[in-house]
Structures are given as structure tokens and as C-alpha cells.
Amino acid sequence: MSQATTLIFNIIYVRGTVQPLLPMLSTLLAHSSCQYRMVSNACLLEEEALLQRYAAVEPQLHFYSLNTQKIASHHEAMHELLRLDDGPYFAMMDSDIFATAPFEEELLQALEQHKAVFTGLPIWHEHSDGVMPADFRIMGGRFYKAHNDMMLGMTYCAIYHKAPLQTFIQEQGINLASYTWSELPKPKQAQLKSLGMCKHFYD
């Protein structure tokens with residue numbers, strides 16, 4: 001993979017979160033050369049102004065507003081940002097993530113072997129907390145692995161090869177939204193049954 005490859009992480013801020021969470025960006029800037037798109041999801045005007053000031057003085061930072069008065073759902077925001085990105089990857093990161101060491105090269109190397117990579121297990125969780133028990137009926141965002149060792153994709157910090165993600169969305173009838181079992185297409189229900197992954201709700 002070219003050393004010129006640059007990751008652009010989309011970080012969404014909702015109303016009331018900008019001031020307390022923005023300082024975490026300094027740790028990401030200190031440990032990577034990644035670009036970060038600070039996205040306003042119905043933030044107050046003064047919050048958007050603060051994000052714009054940060055973007056004006058830091059080349060790695062960019063500002064984007066979803067231009068909505070009402071907070072958009074997470075998947076609606078993600079799909080707008082997916083259409084916006086024109087690079088080979090689509091990357092997202094929660095606004096409360098901070099870095100303690102360099103991470104960019106490791107993620108880029110992982111993308112050479114995989115269509116997507118995920119990271120960001122909360123610091124208060126043991127690794128065992130990320131394994132979803134067999135009888136758990138809700139596939140929550142914190143689980144990185146199922147009881148049968150099937151790998152799951154956490155989205156605290158996620159990077160997808162954009163082309164296969166878009167192809168999957170177009171062909172399979174499933175996007176980045178949450179789903180109840182009854183909302184899933186019948187072929188996907190059958191596939192999940194074969195994998196032992198029948199759940200009431202998929203976050």
C-alpha cells in the first residue's frame with residue numbers, strides 16, 4: 001500500500017458534546033497524520049463556529065455540517081458521509097476516542113489483508129466483555145466477537161474499503177442502520193440462522 005495513502009476519519013458531534021469532547025482530537029493529531037472531518041449533527045451555532053475555528057488553523061482537520069435542525073439518526077449521517085467521501089476508504093470514529101500511541105500504520109497494514117478493520121474497545125471493558133454470549137438476544141456495538149469465534153465489527157472506530165461496502169449495500173438490501181429480526185430480508189435471516197446468529201435486534 002502506498003505510503004501516500006491517507007485515512008479520513010468522520011467524527012460526528014451532536015448538540016452539547018463539542019466543548020467537552022473536542023480536546024480528545026489533540027491526541028489523534030499527535031499520534032497520526034490522518035485527516036479528521038468534524039461533522040456537526042444539529043450542533044448549536046456556537047459549537048459549529050468552534051469546530052470551524054479548529055479546522056481553520058489545523059490542516060488535518062475539516063468541518064462539515066449535516067445542515068439539520070433535528071439530530072439525524074446515526075445511519076442517516078453515515079450514509080451522507082459515505083456519499084461525500086471520494087477516496088478508497090470510508091472511516092468513522094466516535095467523538096470520545098483518544099490515542100495514546102501511533103496507530104495509523106497498523107490500521108493501513110491491516111487494510112491490505114481485510115476489507116474492513118475495527119478497533120476502539122472501551123478502556124473500562126475487559127476483552128471478555130467484547131465476546132457476545134450465545135443466549136444474548138441483542139447484538140450490541142461493543143461486541144467484537146460472537147460465542148462461536150465469529151468476528152463482528154465494532155463501529156467505535158471502523159474503516160471499510162469503500163467499494164465492497166457500497167456493493168454490499170446495493171446488492172443485499174442492508175445498510176448501516178440498526179435492524180430487528182423481522183426487518184431483515186429473508187435470505188439474510190436464513191444466512192444468520194445457518195451461522196447461529198439469530199438475534200432480536202442488531203445494533
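The values are calculated or read from the model by the stated rules, or taken from the named source; none is laboratory data. All of these numbers come straight from a predicted model, not from anything done at the bench. FYI the Cβ positions are ideal-geometry reconstructions off the backbone, even for glycines, and counts take in every protein chain you see. Ligands, DNA and RNA are stripped out before the accessible areas are found, and what is left, the full protein with its side chains, is counted by its heavy atoms. Shrake-Rupley method; radii C 1.70, N 1.55, O 1.52, S 1.80 Å.
Some notes on this structure:
- Single condition Leu192 does not satisfy, out of (1) modelled with pLDDT under 95; (2) open to solvent by 70 Å² or more (accessible area, probe 1.4 Å); (3) farther than 23 Å from Glu76 by Cα: (2)
- Some residue of the stretch 131-153 being closer than 29 Å to Gln109 by Cβ, at pLDDT below 95 and among the hydroxyl-bearing types (Ser, Thr, Tyr): yes
- Matching residues in the stretch 175-184 - criterion: being surrounded by 14 or more Cβ atoms within 10 Å (Cβ to Cβ) and among the charged types (D, E, K, R): none
- Residues of the stretch 36-80 that turn out to be under 16 Å from the mean Cα position of the chain (by Cα) and basic (Lys, Arg), as a count: 1
- Residues of the stretch 29-54 classified as within 29 Å of Gln69 (Cβ to Cβ), of a type in the set (A, V, I, L, M) and touching a residue at least 24 places away in the same chain (Cβ under 8 Å), total: 6
- There is at least one residue in the stretch 109-120 that is modelled with pLDDT under 95 and of a type in the set (Phe, Trp, Tyr).
- Given (1) open to solvent by less than 70 Å² (accessible area, probe 1.4 Å); (2) within 23 Å of Gly130 (Cα to Cα); (3) of a type outside the set (Lys, Arg); (4) in contact with a Gly (Cβ under 8 Å, 6 or more places away or on another chain), number of the condition Asp203 does not satisfy: (1)
- Counting only strands (runs of 3 or more DSSP E) that sit wholly inside the stretch 1-81, those with at least 3 residues that are modelled with pLDDT of 95 or more and open to solvent by 40 Å² or more (accessible area, probe 1.4 Å) are 61-65.
- All conditions but one from (1) out of contact with any Ser or Thr (no Cβ under 6 Å at 6 or more places or on another chain); (2) closer than 24 Å to Phe90 by Cα; (3) among the hydrophobic types (A, V, I, L, M, F, W, C) apply to Cys157; the one that does not is (1).
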